[in-house]
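A.B. asks: Got a structure here, written out as structure tokens. Questions coming.
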Amino acid sequence: MSDPVEYYNFKTSLIPNRFVAYFINDVCGNHLKEIAALDRRTLLVVDIMRDIFMGVVEVGPNQYALNPVDGIGMLDDVTPETMSNEILGKILRRDNFRTIHPIRDADEYFELWCVHMKKFCDFLLQNFDHVVIPENYFAEKTLELHDGHSLDVERALAVNAVAKRMYKWLRENTEIPIASIDNDKIFTGSDVPWGGPSTTHIIEETYALYCQEVDRIVLKRETHDPRYMERAAFKRAHEHAHEQKLKVRAEKRIQELQTELESLKAGVADAENKFQECLNGLQEEQKARQQLEDQHQQLAKARDTIARLKEEVRRPIGYHLKKRLARATRPLRHPLMARG
């Protein structure tokens with residue numbers, strides 16, 4: 001039914017290999033083959049919202065695959081450098097190709113989807129005993145913890161409008177049961193599988209409600225109070241959200257205290273520098289005072305030395321003067337008198 005893989009020229013693209021494999025599986029119908037290989041007693045829960053944010057590209061007559069150009073900015077490694085309409089044209093080996101998007105080309109996409117979904121539903125009902133489709137939607141809100149986080153609500157509303165048409169058609173045109181929950185129980189958050197907050201990722205408690213509804217449909221009986229699990233699940237969700245909120249507040253307060261601590265450390269370091277400057281100044285002052293005291297002592301010593309020297313100078317002069325005066329005043333004797 002499908003063109004051979006060699007027909008597509010992926011060598012002209014930098015698109016990741018795993019996306020190449022996904023594209024090839026779409027073209028060759030490998031996803032359907034994998035489902036057909038399952039045991040008919042398998043419970044199939046079919047999520048029609050998978051990849052609904054991406055359109056399709058016509059790769060051949062009545063043959064479509066996900067449009068990789070729509071994955072730019074949504075899928076890892078799919079960027080304007082790795083994928084574009086020009087690159088896709090080289091892959092498909094043609095200049096003109098038809099693309100259909102579920103939002104931009106809503107009516108055309110919905111008509112095409114109905115044709116192929118009818119075939120798919122008939123295939124499922126013929127090959128499996130239990131098939132359920134959950135009435136899933138993109139999350140338009142978060143738990144109270146995440147108020148203020150930006151969600152692309154406009155995009156979610158646009159996708160959900162398309163999805164509502166699809167679920168209405170499924171109810172009217174197929175026998176596959178639909179597992180529905182209240183839309184106001186569809187939340188996202190930061191602590192969700194595959195990361196969030198995100199319009200495409202919902203909290204585990206919402207998944208649990210879908211599981212409860214699938215269980216009710218398959219078993220065809222109520223196994224417990226249908227509202228008990230819902231109340232318990234969302235009680236846990238809100239308690240967890242409150243705990244997370246307290247955790248976020250605590251982390252924020254810790255960050256604030258760490259900032260204050262760093263500021264205090266800087267202030268202490270500045271005070272220590274100023275204290276060291278003062279201490280250095282005090283030491284310089286003490287050193288200067290010691291030098292001044294030493295100079296005073298040296299000056300006193302110099303004065304004592306000068307006084308002593310002056311005394312020593314005066315002492316010999318007085319002695320000689322006295323000696324001379326004594327000689328001058330001594331009486332004269334005749335030599336003969338001295339003999340006698």
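The values are calculated or read from the model by the stated rules, or taken from the named source; none is laboratory data. For clarity, every value in this text was computed on a predicted model and none was experimentally measured. Neighbour counts are summed over all protein chains in view; Cβ atoms, including those assigned to glycine, are modelled from backbone coordinates with ideal geometry. With ligands, DNA and RNA removed, areas are computed over all heavy atoms of the protein, side chains included. Shrake-Rupley method; radii C 1.70, N 1.55, O 1.52, S 1.80 Å.
A.B. asks: Only one of these conditions is not met by Met54: (1) over 20 Å from Asp107 (Cα atoms); (2) free of Cβ contacts under 8 Å to residues at least 60 places away in the same chain. Which number is it?
C.D. replies: (1)
A.B. asks: May I ask you to list pairs of residues, at least six apart or on different chains, whose Cβ atoms are under 9 Å apart, with the first in the stretch 86-111 being in contact (Cβ under 8 Å) with a residue 12 or more places away in the chain and the second being polar (S, T, N, Q) and open to solvent by 70 Å² or more (accessible area, probe 1.4 Å)?
C.D. replies: Hits for this filter: Phe97/Asn85; Thr99/Asn85.
A.B. asks: Okay, next question. What are the residues in the stretch 181-197 that are over 13 Å from Leu143 (Cβ atoms) and either surrounded by 14 or more Cβ atoms within 10 Å (Cβ to Cβ) or hydroxyl-bearing (Ser, Thr, Tyr) (or both), if any?
C.D. replies: Ile181
A.B. asks: Could you grab me the full set of residues in the stretch 23-43 that are open to solvent by 70 Å² or more (accessible area, probe 1.4 Å) and free of Cβ contacts under 8 Å to residues at least 60 places away in the same chain?
C.D. replies: Lys33, Glu34, Ala37, Asp39
A.B. asks: Continuing with this model, one more query. Looking only at the stretch 45-80, which residues are farther than 21 Å from Met166 by Cβ, β-branched (Val, Ile, Thr) and in contact with a Leu (Cβ under 8 Å, 6 or more places away or on another chain)?
C.D. replies: Val59, Val69
A.B. asks: Return the residues of the stretch 119-130 that are under 16 Å from Met49 (Cα atoms) and either open to solvent by 20 Å² or more (accessible area, probe 1.4 Å) or assigned to a strand (DSSP E or B) (or both); say none if nothing qualifies.
C.D. replies: The answer is Phe120, and nothing else.
A.B. asks: Please give the number of the condition Val115 fails out of (1) without any contact (Cβ under 8 Å) to a residue 24 or more places away in the chain; (2) touching a helix residue (DSSP H, G or I) at 6+ places or on another chain (Cβ under 8 Å).
C.D. replies: In the conditions (1) without any contact (Cβ under 8 Å) to a residue 24 or more places away in the chain; (2) touching a helix residue (DSSP H, G or I) at 6+ places or on another chain (Cβ under 8 Å), Val115 misses (2) alone.
A.B. asks: Specify the residue that is surrounded by the most Cβ atoms within 10 Å (Cβ to Cβ); the eligible residues are those in the stretch 52-67 that are in contact with a strand residue (DSSP E or B) (Cβ under 6 Å, 6 or more places away or on another chain) and not hydrophobic (A, V, I, L, M, F, W, C).
C.D. replies: By that ranking, first place goes to Asn67.
A.B. asks: On to the next question. Of all residues in the stretch 169-180, which are crowded, with 16+ Cβ neighbours inside 10 Å and part of a helix (DSSP H, G or I)?
C.D. replies: Leu170
A.B. asks: Restricting to the stretch 200-220, give me the number of residues that are charged (D, E, K, R), part of a loop (DSSP other than H, G, I, E, B) and buried (at least 16 other Cβ atoms within 10 Å of the Cβ).
C.D. replies: Qualifying residue count, the stretch 200-220: 0.
A.B. asks: Given the structure, is Arg327 modelled with pLDDT of 65 or more, basic (Lys, Arg) and either loosely packed, with under 10 Cβ neighbours inside 10 Å or in contact with a Gly (Cβ under 6 Å, 6 or more places away or on another chain) (or both)?
C.D. replies: yes
Here's the yes/no breakdown for (1) modelled with pLDDT of 85 or more; (2) surrounded by fewer than 14 Cβ atoms within 10 Å (Cβ to Cβ); (3) in a loop (DSSP other than H, G, I, E, B):
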residue	(1), (2), (3)
Ile48	yes, no, yes
Val69	yes, no, no
Leu75	no, no, yes
Val78	no, no, yes
Ile87	yes, no, no
Pro102	yes, no, yes
